[in-house]
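Student: Please see the structure below; I have some questions.
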Amino acid sequence: MAEATDWATIVTLYDRLLEWEPTAVVALNRAVAVAMATGPTEGLALLDDPGLAGDLVDYHLYHSTRADLLRRAGRLEEAAVAYGEARQRTGNTAERSFLDRRLAELEVSVPRDQGGQTLTGEIGVGRLASGHGQDQ
């Protein structure tokens, strides 16, 4: 139903809300609306603003949102890292299960060699899902 949603109007409404409530969470939600209206790259540009990223560095929904937009943009390795960041920052079992499923979906999408390394030499997604290969 996303195509039936007037995302441009929602962006405008978030612009107005930011005037009244200029918080990082409102800016995060606005970035999602921008991504839905124009594409994941535009939403990522907003999320990657150093001020916003710094304000939300410990907020798991920032990382899961960023991961989803990276996935939609086809940047699967970066998405896996961001999903791992989100997973580390939540203690909610249901959210962890969701994030584990997303990581598993990415595992089959990112080409890896037999040693678990991606073809570009980065850490394999499967090792992120299990927590191996990440700084603990």
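Student: Exactly one of (1) touching a helix residue (DSSP H, G or I) at 6+ places or on another chain (Cβ under 7 Å); (2) in a loop (DSSP other than H, G, I, E, B); (3) modelled with pLDDT of 95 or more is unmet by VAL57. Its number?
Tutor: Result: VAL57 fails condition (1) only.
Student: Quick one: which of GLY51, GLY91 is on the phi < 0 side of the Ramachandran plot, surrounded by fewer than 16 Cβ atoms within 10 Å (Cβ to Cβ) and outside any loop (DSSP other than H, G, I, E, B)? Show your work before the answer.
Tutor: Working: GLY91 fails: outside any loop (DSSP other than H, G, I, E, B).
That would be GLY51, the only listed residue that is on the phi < 0 side of the Ramachandran plot, surrounded by fewer than 16 Cβ atoms within 10 Å (Cβ to Cβ) and outside any loop (DSSP other than H, G, I, E, B).
Student: Within the stretch 14-23, can you find the residues that are part of a helix (DSSP H, G or I) and loosely packed, with under 15 Cβ neighbours inside 10 Å? Lay out the reasoning, then the answer.
Tutor: First, the residues of the stretch 14-23 that are part of a helix (DSSP H, G or I): 14-20.
Once the filter is applied, which keeps residues that are part of a helix (DSSP H, G or I) and loosely packed, with under 15 Cβ neighbours inside 10 Å, the stretch 14-23 yields ASP15, ARG16, LEU18, GLU19, TRP20.
The values are calculated or read from the model by the stated rules, or taken from the named source; none is laboratory data. In this text the structure is predicted, and so the values were computed from the model without any measurement. Counting neighbours? That spans all protein chains shown, and the Cβs are built from the backbone with ideal geometry, glycine included.
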